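The values are calculated or read from the model by the stated rules, or taken from the named source; none is laboratory data. Quick caveat: nothing in here was measured; it's all calculated off a predicted structure. Cβ sites come from the backbone with ideal geometry, for glycine too, and all protein chains shown count toward neighbours. With ligands, DNA and RNA removed, areas are computed over all heavy atoms of the protein, side chains included. Shrake-Rupley method; radii C 1.70, N 1.55, O 1.52, S 1.80 Å.
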Amino acid sequence: MSMQRLLSIWFGAGLLKPAPGTWGSAVAVALGLLIHRIGHFPLLALATLAVTLAGFWAVRGYTAGMADPDRSEIVIDEVAGQWLALCFPSAGFWFAGLPVDSFPYPGWVAAFVFFRLFDIWKPWLVGRADRRKDAVGVMADDLWAGLFAGIATMIASAAFHIPLML
C-alpha cells in the first residue's frame, strides 16, 4: 500500500462502514483531543496544518487518473476539517488559560456535530468546493466545513455563556 493511499484512508479509518466520513471525523476528534492534551492549541494548530498539507499531497497522488476522486474511503479531508473545527474551542480554552488536560465536552461535541452538519449539507463555499471534482475540491470542501463548524461552535458557546454571565 502506498503512503498516499495510507494517508488518504487515514490508516484504515476510511474503510470502516457504514459512513466512512463520520468514522473519519470520530477518529479525528479522538486524536484531536489527544493532541490537545499533549500540547494544547499550538500543537493542534500545527497538526492541523501538517495534516492539511499532507492531505493535499496524498489525495492528489492517490486519486491521479481516477474519474471521480471524491471516493468515500478518502477521509484525510475529514481529519483536516475536523481538526480545524476543533482548533476554535481549543484556542478559546488556551487563551482562557485552562490547563492542557481540560477540553470540556460541549466544545468538542459541538465541533463534531457542526462539522458533520456542514460536511453533509454543503452550503455555499463548501458546496462550491465539492463541485470541483478534483483533489483540491476533495480537501477544500472539508476545510470550509471545518471553518464554518469552528465559527458555529464559538457562536453557540457565546450564545450559551453570555446569558450566564449577565
Subset of region 93-124, residues under 15 Å from Leu147 (Cα atoms) and in contact with a Ser or Thr (Cβ under 8 Å, 6 or more places away or on another chain), comes to Gly107, Ala110, Ala111, Phe112, Phe114, Phe115, Arg116, Asp119
Among the residues of region 1-49, the number that are part of a helix (DSSP H, G or I), within 30 Å of Gly65 (Cα to Cα) and open to solvent by 60 Å² or more (accessible area, probe 1.4 Å) is 6
Residue set Asp77, Asp101; condition of a type in the set (Asp, Glu) and farther than 20 Å from Trp10 by Cβ; output residue Asp101
Among (1) within 23 Å of Phe160 (Cβ to Cβ); (2) free of Cβ contacts under 8 Å to residues at least 24 places away in the same chain, Gly92 falls short only on (2)
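Here is a yes/no grid of residues against (1) free of Cβ contacts under 8 Å to residues at least 40 places away in the same chain; (2) within 23 Å of Pro104 (Cα to Cα):
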residue: Ile9; (1), (2): no, no
residue: Gly12; (1), (2): yes, no
residue: Lys17; (1), (2): yes, no
residue: Gly24; (1), (2): no, yes
residue: Val27; (1), (2): no, yes
residue: Leu33; (1), (2): no, yes
residue: His36; (1), (2): no, yes
residue: Gly39; (1), (2): no, yes
residue: Leu43; (1), (2): yes, yes
Within the bounds of region 139-156, is there any residue that is on the phi > 0 side of the Ramachandran plot and either touching a residue at least 24 places away in the same chain (Cβ under 8 Å) or in contact with a strand residue (DSSP E or B) (Cβ under 7 Å, 6 or more places away or on another chain) (or both)? no
Flagged in region 64-116 as surrounded by fewer than 24 Cβ atoms within 10 Å (Cβ to Cβ) and within 14 Å of Met139 (Cβ to Cβ), in numbering order, are Pro69, Asp70, Arg71
Note on Asp141: of the conditions (1) open to solvent by 20 Å² or more (accessible area, probe 1.4 Å); (2) more than 20 Å from His36 (Cβ to Cβ); (3) among the acidic types (Asp, Glu), unmet is (1)
Residue count, region 57-78, condition among the polar types (S, T, N, Q) and in a loop (DSSP other than H, G, I, E, B), comes to 1
